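Only the coordinates and a few stated rules stand behind these numbers; no lab work does. Not measured: the values here are computed from a predicted model. Ideal geometry is used to build each Cβ from the backbone, glycine not excepted, and the neighbour counts take in all protein chains shown.
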Amino acid sequence: MAVEIKADGAVVVRAPRRILSALIADFVKRHADWIALKQAEIAKRPRAEPKSCVEGEEFLFLGQTCRLHFVDAGISKIDFDGRIQLPRTKESQARELIEDWYRVQAWKVITKNIERRVSEMGCRPSGLRITGARQRWGSCGIRGALNFNWRLVMAPPDIIDYIVVHEMAHLKFRGHGRDFWHFLGQFVPRYKEMRQWLRDNSARMAI
């Protein structure tokens, strides 16, 4: 059995299907102090706050801080030159434009990562979808399609690659058992550091 604490503090216990509920309860009880410690750490982390889509607001893109810049004329969509440039518009419309831009960039970046990893990992997803999931950076469907949160493209390239490899590893190992982590570690030896980075910085990856 294994216990996992999600980003929101929820407790997830992974156990064989037919194991007695009393054994699961005992397992959780024995790990109660560790669970409480991890939940306390999560409670101390800064909460994700919606950003104001105004001139000069800071956003992350591939781990770098970029400022928002409005242009009065000459462009009809978002342009990127180290700044996120977009036509002057209402804040609600600006937010939609920015999210759409991030989704497109996420598709491009993640697709490249997948293609780069296919031959060495020996597996290929049946499809790719960019989602707005709040609690997950990625997931692997039962038919082999991979889903990724568009906010992932705010992270540094090595973090993005870790999530891609993590989900591709699920094409071979459905659960998070020892074989899964051993396989993943062959391609991302520093995966524990990557997981910690996401825990520490997820609040910054919002618009």
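Annotations
- All positions within the range 1-19 that are in contact with a strand residue (DSSP E or B) (Cβ under 7 Å, 6 or more places away or on another chain) and either more than 16 Å from A32 (Cβ to Cβ) or among the aliphatic types (A, V, I, L, M) (or both): M1, A2, V3, I5, K6, V11, V12, V13, R14
- Residue list for the range 113-122, filter: surrounded by 14 or more Cβ atoms within 10 Å (Cβ to Cβ) and not polar (S, T, N, Q): I114, R117, M121
- Filtered by the rule that a residue be more than 19 Å from A155 (Cβ to Cβ) and either acidic (D, E) or touching a Gly at 6+ places or on another chain (Cβ under 8 Å) (or both), the range 70-99 gives D72, D79, D81, E91, E96.
- Lone qualifier among G144, G132 - being of a type outside the set (S, T, N, Q) and closer than 19 Å to I207 by Cα: G132
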